[in-house]
Amino acid sequence: MMLLLIWVHVLAAVIWVGGMLFLSLVLVPVLKQEPIAAQRGVLFRTIGVRFRSIVWISVAVLAVTGPLLLSQRGDSLLEPSGWSLVLKVKLLLVTALIGLTAIHDFWLGPKVGQSLRELPQDRGPAEVMLIRLSPWIARLALVLALGVLLAATALVRL
C-alpha cells in the first residue's frame, strides 16, 4: 500500500512539473516560430486551459497523498516543530508554488489573455506590465517546482 501511495504522489508531481518543463522548453519555443506565430494565442490558451485542469487534479492528489506519506514517515501533522528542516523547506516551497499557480491560473492568465485580445494601442500601462510579468511568474513557478523536487529528493535521503 505504501508503495502505491508513493507512486501516486510521485506521478502527480511528475505530471505537474513535467508539464511545466514541456511548456517552457518545447511548446513556447515552437509557438514562437513563424509558421505558427499567427495561431499562437489561440493554441496557447487552449493548451493552457487543458493543462490547468490537469495541474489542479495533480495538486488535489498531492494534497491527499502528501499528508498520508508524512504520517507514514512518523511525522505528526499536528506537531510541525518535530519536522526536519528539509521537510519545512519543501512545504514552504509547495505552499508558495500552489499560491503562485493559483494567482497565475485564476487571475493573471485570464487578465493577460483578455489584454492580448485587445489591440496593442488600446492597452493601458497596467495591461502592458501584466503581459510582461506573466512569463516571469511562470518561470518563477518552474524554479519553485524544481526546488520542491530537490527538497523531496533530499527528504527521501533522511
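A few comments on the model shown:
- Top-ranked residue of region 72-96 - restricted to ones that are small (Gly, Ala, Ser) and modelled with pLDDT of 90 or more, ranked as nearest to residue 156 (Cα to Cα): 84
- Of all the criteria given as (1) of a type outside the set (Gly, Ala, Ser); (2) within 16 Å of the chain's Cα centre (by Cα); (3) surrounded by fewer than 17 Cβ atoms within 10 Å (Cβ to Cβ), the one not satisfied by residue 93 is (3).
- Residue count for region 39-72, restricted to those that are of a type in the set (S, T, N, Q) and over 19 Å from the mean Cα position of the chain (by Cα): 3
- Within region 1-53, the set of residues being charged (D, E, K, R) and not in a helix (DSSP H, G or I) comprises just one member, 32.
- Scanning region 1-34 for residues that are farther than 24 Å from residue 134 by Cβ and of a type outside the set (A, V, I, L, M), we see that the one that is surrounded by the fewest Cβ atoms within 10 Å (Cβ to Cβ) is 7.
- Some residue of region 43-61 being under 22 Å from residue 153 (Cα atoms), of a type outside the set (A, V, I, L, M), crowded, with 17+ Cβ neighbours inside 10 Å and at pLDDT 95 or above: yes
- Contact map, region 94-121: first residue of a type in the set (Lys, Arg), second residue modelled with pLDDT under 90 and assigned to a helix (DSSP H, G or I), Cβ cut-off under 8 Å, separation 6 or more or different chains; pairs are 117/41.
- Residue count for region 109-143 under the criterion of being farther than 21 Å from residue 29 by Cα and assigned to a helix (DSSP H, G or I): the result is 12.
- Residue match in region 73-89 (condition: touching a residue at least 40 places away in the same chain (Cβ under 8 Å), within 16 Å of residue 16 (Cβ to Cβ) and either under 18 Å from the mean Cα position of the chain (by Cα) or exposed (fewer than 12 other Cβ atoms within 10 Å of the Cβ) (or both)): no
The values are calculated or read from the model by the stated rules, or taken from the named source; none is laboratory data. All figures in this text were calculated on a predicted structure; none of them were measured in a lab. Cβ coordinates were reconstructed from backbone atoms using ideal geometry, including for glycine residues, and neighbour counts include every protein chain displayed.
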